[in-house]
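Worksheet for the structure shown next.
The values are calculated or read from the model by the stated rules, or taken from the named source; none is laboratory data. Bear in mind the structure is a predicted one, so any value in this text is a computation, not a measurement. With ideal geometry, Cβ positions are generated from the backbone for all residues, glycine too; neighbour counts draw on all protein chains shown.
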Amino acid sequence: MSNLTIQFEIVTPERVILSEQITQVVVPTKAGEITILPNHIPLVSSLTPGVIIAKKEDGSDVIMAMSGGFVEVLHGKVVILADTAERADELDEERIVEAREVAKKAKEEVKHVDREQFANISAKLQKELARERALKKWRKL
Amino acid sequence: MSGTKGIQARIKSVKNTKKVTKAMEMVAAAKMRRAIDAVLKTRTYASLSWEIVLRLSQAVNNEHPLLTKIITTGKQKKDVPSSKIAVILFTSNRGLCGGFNSNIINELYKTIKNTVKSENVDLILVGKKGVTAHNHYKYNIEAEFVKPDIASGVDDVVPIVKLVIKDYLAGKYSKIIIAYTDYINATKQMPRVKQLLPVNVNKEDEYLGTVDVGENNASSHSVIEEKPKKKLNDSNEYIFEPSPHEVLDEMVPRLIEVQIFQALLESNASEHSARMTAMHQATDAASDMIDELTLTYNKVRQAGITAEIAEIGAGVNAMN
């Protein structure tokens with residue numbers, strides 16, 4: 001099994017985050033976290049904000065925070081179209097905590113005001129939480 | 001000394017014009033740089049998402065009412081009696097950008113003139129100059145959106161997407177076409193007319209050129225091209241999680257949104273480069289004109305002096 005690899009690509013509207021051969025990847029879909037191994041059946045799913053873990057050929061993990069998007073699995077290829085995504089090693093903890101606090105506060109303030117606004121802020125908060133989780137995972141490595 | 005005054009005045013006015021065109025060139029150059037950055041960034045994303053749309057359109061048959069209609073209209077075309085088509089036309093807000101606007105409008109005309117009557121074409125304008133298409137070819141204007149000169153985010157195109165999808169699903173249009181100018185490099189821009197809905201898988205070249213002709217196409221393409229191309233025609237059975245309905249409901253509008261947004265970015269980058277080139281040429285032309293006028297001015301001045309000396313000489317001769 002170990003010599004099988006998947007061509008993995010994760011892109012956001014801003015840039016290509018990672019494009020590499022990997023042996024497995026864990027992605028958070030709407031229906032729960034799934035691990036994609038080589039020879040996975042073609043699959044399309046939408047993603048929730050969360051952590052993506054890709055295992056590279058040399059066995060090391062790449063951890064990324066992602067704030068929603070889609071994943072498409074083809075034969076020997078995985079494409080993730082993310083709304084935003086960052087690699088954990090690029091994240092800055094202080095900034096995340098700060099952003100999360102701001103988002104939380106904002107969420108409480110507008111809870112009963114505007115549904116759309118509320119949804120926006122919730123999404124932001126989820127994104128920050130995902131970032132934090134990614135960072136924590138990365139620290140543990 | 002006759003005539004020199006007039007020439008001097010002309011030189012002065014040309015010099016002023018040159019200053020203006022020079023300034024506009026600089027402004028366009030600055031805007032262009034930003035627009036190009038934006039367009040290059042999203043190209044990979046846009047082309048990947050377009051590929052997914054195409055693959056999905058092959059794989060999905062009757063999974064979802066919205067999708068079947070959006071994507072596999074090939075079969076359903078008979079159900080859509082409307083002969084009308086909608087064209088999303090990207091133009092500039094301001095003129096002075098060379099042939100930018102007329103190029104795209106002519107391209108649009110050339111592409112659709114044989115298949116659709118002009119009264120069946122509804123324009124969705126993005127950019128003020130699109131009105132010309134209405135004036136020239138008698139297309140109807142369905143809606144006009146304000147085009148941001150520097151696009152800030154996908155939010156810019158959300159209203160357009162909503163309108164288009166709503167009307168398309170309601171059966172108002174049988175086709176949605178998008179006309180924009182593809183940015184190739186600073187000196188070259190290509191007007192393009194591409195069919196957005198229904199997704200047309202058979203015309204592969206039509207979509208390939210659109211999104212990622214450019215410096216970075218090699219990288220984004222080579223990865224995708226070889227395998228899935230072949231597979232496009234195989235049965236590509238997908239699993240959808242949680243359900244096809246949910247996934248596609250969310251995904252397809254989003255992917256279309258990305259396409260329209262990309263078209264906006266391409267268009268912006270092209271516009272600014274077109275304007276920069278046009279203004280550069282204008283500045284050059286002004287310089288040439290100034291040189292020419294200065295030469296004429298000097299000639300006239302010299303002629304005047306010669307004539308005066310001749311007159312004085314003649315006067316002296318007469319007195320003697």
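Looking only at the stretch B:300-317, decide whether some residue is touching a helix residue (DSSP H, G or I) at 6+ places or on another chain (Cβ under 9 Å), modelled with pLDDT of 80 or more, in a helix (DSSP H, G or I) and not β-branched (Val, Ile, Thr). Outline the logic, then answer.
Kept after step one, since they are touching a helix residue (DSSP H, G or I) at 6+ places or on another chain (Cβ under 9 Å), are these residues of the stretch B:300-317: B:300-301, B:304.
Next, only the ones that are modelled with pLDDT of 80 or more stay: B:300-301, B:304.
With the extra rule that they be in a helix (DSSP H, G or I), the set shrinks to B:300-301, B:304.
With the extra rule that they be not β-branched (Val, Ile, Thr), the set shrinks to B:301, B:304.
Looking for residues that are touching a helix residue (DSSP H, G or I) at 6+ places or on another chain (Cβ under 9 Å), modelled with pLDDT of 80 or more, in a helix (DSSP H, G or I) and not β-branched (Val, Ile, Thr), one finds at least one in the stretch B:300-317, hence yes.
Does the stretch A:93-111 contain at least one residue that is surrounded by fewer than 21 Cβ atoms within 10 Å (Cβ to Cβ) and touching a residue at least 40 places away in the same chain (Cβ under 8 Å)?
Scanning the stretch A:93-111 turns up at least one residue that is surrounded by fewer than 21 Cβ atoms within 10 Å (Cβ to Cβ) and touching a residue at least 40 places away in the same chain (Cβ under 8 Å).
Can you name the number of the only condition in (1) in contact with an Asp or Glu (Cβ under 6 Å, 6 or more places away or on another chain); (2) under 21 Å from B:Asn268 (Cβ atoms); (3) not in a loop (DSSP other than H, G, I, E, B) that B:Ser102 fails?
For B:Ser102, the failing item is (1).
Which residues, taken from the stretch A:33-90, are within 14 Å of another protein chain (Cβ to nearest Cβ), within 23 Å of A:Glu14 (Cα to Cα) and among the charged types (D, E, K, R)?
The answer is A:Glu72, A:Lys77, A:Asp83.
With the condition kept exactly as written, say whether any residue in the stretch A:78-92 is of a type in the set (Lys, Arg) and either surrounded by 18 or more Cβ atoms within 10 Å (Cβ to Cβ) or more than 30 Å from B:Phe240 (Cβ to Cβ) (or both). First the steps, then the outcome.
Going through the stretch A:78-92, the residues of a type in the set (Lys, Arg) turn out to be A:87.
Right, trim to either surrounded by 18 or more Cβ atoms within 10 Å (Cβ to Cβ) or more than 30 Å from B:Phe240 (Cβ to Cβ) (or both) and you get none.
Within the stretch A:78-92 (the criterion being of a type in the set (Lys, Arg) and either surrounded by 18 or more Cβ atoms within 10 Å (Cβ to Cβ) or more than 30 Å from B:Phe240 (Cβ to Cβ) (or both)), the answer is no, since none of the residues qualifies.
Please specify each residue of the stretch B:146-184 satisfying the condition of being crowded, with 18+ Cβ neighbours inside 10 Å, away from chain A (no Cβ under 14 Å) and more than 15 Å from the chain's Cα centre (by Cα).
B:Ile160, B:Val161, B:Val164, B:Ile165, B:Asp167, B:Tyr168, B:Tyr173, B:Ser174, B:Lys175, B:Ile176
Check every one of the strands (runs of 3 or more DSSP E) wholly within the stretch A:1-88 and list those with 2 or more residues that are more than 18 Å from B:Glu241 (Cα to Cα). Step through it out loud before you land on a result.
On the way: elements: A:6-11, A:16-29, A:32-36, A:43-47, A:50-56, A:61-66, A:69-74, A:77-82, A:85-87.
In the stretch A:1-88, A:6-11, A:16-29, A:50-56, A:61-66, A:85-87 are the strands (runs of 3 or more DSSP E) which contain 2 or more residues that are more than 18 Å from B:Glu241 (Cα to Cα).
Please go through the stretch A:6-27 and give me each residue that is touching a residue at least 60 places away in the same chain (Cβ under 8 Å) and either crowded, with 20+ Cβ neighbours inside 10 Å or more than 7 Å from every other protein chain (Cβ to nearest Cβ) (or both), ordered by number.
In the first step, residues of the stretch A:6-27 are kept if they are touching a residue at least 60 places away in the same chain (Cβ under 8 Å); the result is A:6-14, A:17-18.
Selection gives A:Ile6, A:Phe8, A:Glu9, A:Ile10, A:Val11, A:Thr12, A:Pro13, A:Ile17, A:Leu18.
Tell me which residues, restricted to the stretch A:112-135, are surrounded by fewer than 18 Cβ atoms within 10 Å (Cβ to Cβ) and among the β-branched types (Val, Ile, Thr).
Across the stretch A:112-135, the qualifying residue is only A:Val113.
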